[in-house]
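The block underneath contains the structure these notes are about, expressed in structure tokens.
Taken together, the values in this text are just the output of simple stated rules run on the coordinates, not laboratory data. Computed from a predicted model, the values in this text were never measured in an experiment. Virtual Cβ from ideal backbone geometry, glycine too; neighbours counted across all protein chains shown.
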Amino acid sequence: MALTPDDVSRIAHLARLQLSAPEQAKMLVQLNGFFSIVEQMGAVDTSGVEPLYTPLSAVQTVELRLREDVVTETDQRERNQASAPAVEAGLFLVPRVIE
Amino acid sequence: MSTLPIEHRGVTELAQGLAAGEFSSVEVTTALLARLQQHQDLGAVLATNAEASLAQARAADQRRANGTATVLTGVPLAHKDIFATDFSTSGMATTAGSKMLAGYRSPFDATVVARLGHGEGHGEGHGENTNAQGAGMVTLAKLNCDEFAMGSANENSAFGAVKNPWDLARVPGGSSGGSAAAVAARLIPAATGTDTGGSIRQPASFCGVTGIKPTYGVCSRYGMVAFASSLDQAGPMARSAADCALLLTAMSGFDVRDATSAERPAQDFHAQMLTVRAGASAARPLQGLRVGLPKEFFPAALSNDVHGAVHAALAELENLARAWLTSACRAPNCASPSTTSLPRPKPAQTWAALTV
């Protein structure tokens, strides 16, 4: 599949990117280039191949590791919010994005 | 006693000098901080904090005096700014080369940063698996990189491009371009990098330094800003394989905080490197080593200088190990861009299995 210029403007709008006409044209070429790589990957026969959750399981048996369901982190709200541009009552304040 | 200037010494030489009492970590740190300041035109450095670095250097000198130093204690390094560095101890922001994170003060250290530095268990919230004593290296800077590690020329950083110190008109490669440029320019003896689809290996080759992308799972990804979690790996960049092996030994190993960290016993890569292989000799130190090479990655379109350099290295390997080049790769187009992911490989079938 190939994207159209309309797809690019829609994606740019959703991503809140302001692209000039030449930038949009360049982006269309690049995105379609990526899709052509994905198509090559799609051509590989993967029937019978189990999906990997870690690349290591390609060469050795790897057990999915689970930990005990216990609290391991202490409350660090103040440190974690120290870099936030705006905080109120322990909550992050963000600009309104949904109108 | 060597008269070599500090900046021309690699990790091994600095470690030897520190162990011999030739100079202190504070002296090395002071000298290299000045050099980092002098060469800001490269664009490799995003942050320094002399006060914090000197405090770490004093702690390293104290540790040496106490007899609890490791081989790396007091040796300076710098981190790619994709690693979280605790602001309370490093005094440096963590930005991933993005304005979105400009000035971000991390409340914790990445595992790799902690292990190379003053150890895990510092700060709050580090519960189990704490390794209180780190290697004791001194962090001198955070280094520029492509924004969120997405790039191959280090021209995509929000804080400006990095230049190749060998030729300022050329790119250093990326995304660990600041790390490669700083090591090549002798601003720092070693740096950390991260590699998803070439981000350590490619800038290392562009700048003429040594870099390793370790096997996935060898180094913890905890505190490393993610690009593609199932491919990202941290690795060392330095002037020699031996220097990289020293760093990799200190930064690797199982970490409970990374869900895909490999549960393997800790490895001493440096000691392994220095150990003579069974059946090998000084003349053929790599005898018995099996070398696999995907022939499909060497298409006719490969430029002559790259082809020549790789084949010169292969000739050297052949000389040291009596290896040779042959392979088959079952995917139809496996020489496509480096980020292509292949189905589960069966090493013996898909990659050359070369035995000496």
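For the reader, a short list of remarks on this structure follows.
- Lysine pair count for the protein assembly as shown [Cα-Cα under 28 Å; pairs on different chains or 8 or more apart]: 15
- Residue by residue along A:79-90, Cβ atoms of other protein chains within 10 Å of the local Cβ number 3 on average.
- If you take the Cα centroid of segment A:6-33 and the Cα centroid of segment B:141-212, the two points sit 28 Å apart.
- When the trypsin sites (Lys or Arg not before Pro) in chain A are filtered for DSSP coil states and for at most 14 other beta-carbon atoms within 10 Å of their beta-carbon, the remaining sites are A:R16, A:R65, A:R67, A:R96.
- Centroid-to-centroid, using Cα positions, segment A:37-89 and segment B:1-62 are 36 Å apart.
- Estimated vicinal HN-Hα couplings, Hz - segment A:76-91 in sequence order (Karplus 6.51, -1.76, 1.60; Gly, Pro = x): 10, 3, 5, 5, 5, 9, 4, 8, 5, x, 8, 9, 9, 6, x, 10
- The ranking of A:E99, B:E13, B:E318 from fewest to most other beta carbons within 10 Å of each one's beta carbon is A:E99, B:E318, B:E13.
- Antiparallel %, DSSP beta bridges [both residues in chain B], to 5: 70
- In terms of its C-alpha gyration tensor, segment B:30-152 has an oblate overall shape, because the principal axis ratio a/c (a ≥ b ≥ c, square roots of the eigenvalues) is not below 1.5 and a/b does not outweigh b/c.
- Kirkwood-based shape ratio for chain B, expressed as Rg/Rh from alpha carbons: 0.96
- Anisotropy class of segment B:202-262 from Cα gyration tensor, a/c 1.5 cut: oblate
- Shape of segment B:227-290, Cα gyration tensor, a/c cut at 1.5: prolate
- B:C145, B:C219, B:C244 arranged by Cβ crowding within 10 Å, fewest neighbours leading: B:C244, B:C219, B:C145
- Beta bridges by DSSP in the protein assembly as shown, antiparallel share as percent, to the nearest 5: 70
- Applying both filters, DSSP loop and at most 13 other Cβ atoms within 10 Å, to the GluC sites (Glu not before Pro) of segment A:29-91 gives A:E63, A:E68, A:E73.
- All Cα pairs of segment B:56-99, percent lying beyond 18 Å: 43
- Hull volume per residue, based on the alpha-carbon atoms of the protein assembly as shown and their convex hull, is 194 Å³.
- Computed [θ] at 222 nm, deg cm²/dmol, chain B (DSSP H ≥ 4; -39,500 (n - 2.57); rounded to nearest 500): -8500 deg cm²/dmol
- Counting other Cβ atoms within 10 Å as a rough exposure proxy, the listed residues B:V171, A:V71 run A:V71, B:V171 from fewest neighbours to most.
- The Stokes-Einstein estimate for segment A:1-44, based on a Kirkwood radius over Cα pairs and taken at 4 °C with 1.567 mPa s viscosity, is a diffusion coefficient of 118 µm²/s.
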